[in-house]
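Values quoted throughout were computed directly from the atomic coordinates according to the rules given, and no laboratory measurement underlies them. Remember, it's a predicted structure, so these values are computed and weren't measured experimentally. Using ideal geometry, Cβ is built from the backbone for each residue, glycine included, and neighbour counts are taken over all protein chains shown.
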Amino acid sequence: MDNIRDKIRSANRRDQVSTCEALSKIWLAKNPDDIWVVQMLAESLYQMARYDESLQMYNEALVRFPDHRWGIYNQIGHLYRYRGELDQAALWYEKAIEEDPDEASSYIFLGASKARQGKLVEAEAIHRRATTCANGLIEEAFHNLGLVLRGQMRLLEAADCFRRAIEIDPEYDAAIEALEDVVHGQKATEEQQG
C-alpha cells in the first residue's frame, strides 16, 4: 500500500494531475489523516482548474489539521498564484508568515508574488527578510533577492547575492547562471560607458 504514496509523489513530480487525483483518493479512503496526500489531492484539483473543490479541501484541512496551518496557508497561496490572483495569494503567504515568522519559504513566495507584479522594492524588502530566517531555503532567498536586484539593474549587489546562494549550495544551477548573467551584464555596461 505504501507503494501508492510513492506513485502519488511520482505523478505529482511529472504533473500527471489526473493520476495524482485518482491515486490520492484511493490512499485517502484508507488513510484519511495523511495531510501530505490531502495537500497533493488539493493541488491536483486546482491544477485542473477545479478551484472550488480545492479550496474546500484546504478549508477542511485547516479545521482537521490545525498543527499544519503554515503549510496549508502556503498551499492556498499557491492556488491563488496559479489562478493569477497575486494579491489574494499574498494574503495567504502573509498568514503563513504570521504562523512561522522564522521560516524563509513564505517570505520567498510572498516576495516572488510582489516581483511578478513589478513591485520590486517591496519584493526586495521581503526577500531581504527571508535571508535572515533561521529555517528554510536561505540559498533560495539570496537567489530571489539577487533576481529582484537584477531587475532594478543593481548588478553588483545582485552578484553578491548570487555568490551567497552558491556558497550555501555550490550546485545551485539557477544562481550560477544568474551570476554569470550579471557579471557579463556589468562588463557590457562598463564597456559601453568606457
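Max-minus-min Cα coordinates of the chain on each principal axis give 68, 31, 31 Å, with the largest extent listed first. For the stretch 28-40, 3J(HN,Hα) computed residue by residue from phi via the Karplus equation (6.51, -1.76, 1.60; θ = phi - 60°) reads 5, 4, 9, 9, x, 9, 7, 4, 4, 6, 4, 5, 5 Hz, glycine and proline entered as x. Between LEU28 and GLN16, the modelled label-to-label distance comes to 2.0 nm, taking each label 7 Å out from Cα in the direction of the beta carbon. Scanning residues 5 or more positions from GLN117 or on other chains, none has an amide H under 5 Å from its amide H, with H placed 1.01 Å from N in the peptide plane. Separation of the stretch 167-194 from the stretch 49-120 is 31 Å, based on Cα centroids.
Taking 25 Å as R0, compute the FRET efficiency from the Cβ-Cβ separation of PHE65 and ALA125 and round it to 0.05. Don't skip to the answer; put the middle values down first.
Details: r = 31 Å, r/R0 = 1.25.
Computed FRET efficiency for PHE65 and ALA125 comes out at 0.20.
Using only Cα atoms and rounding to the nearest 10 degrees, what angle (0 to 90) does helix 104-116 make with the longest principal axis of the chain? That helix lies at roughly 70 degrees to the long axis. Were the residues from GLN152 through GLN192 laid out at 0.36 nm apart, the gain over their Cα-Cα distance would be 12.5 nm. Principal axis extents of the Cα atoms in the stretch 42-134, from largest to smallest and rounded to whole angstrom, are 35, 28, 16.
In order along the stretch 180-194, phi translates into HN-Hα couplings of 4, 4, 6, 5, 5, x, 5, 4, 4, 5, 5, 5, 5, 7, x Hz, rounded to whole numbers, per the Karplus curve 6.51 cos²θ - 1.76 cosθ + 1.60 with θ = phi - 60° and x for Gly and Pro. Read phi for every residue in the stretch 66-83 and hand back ³J(HN,Hα) as whole Hz from Karplus 6.51 cos²θ - 1.76 cosθ + 1.60, θ = phi - 60°, with x for Gly and Pro. Once rounded to whole Hz, the list reads x, 6, 10, 4, 3, x, 5, 4, 4, 5, 5, x, 4, 4, 5, 4, 4, 6.
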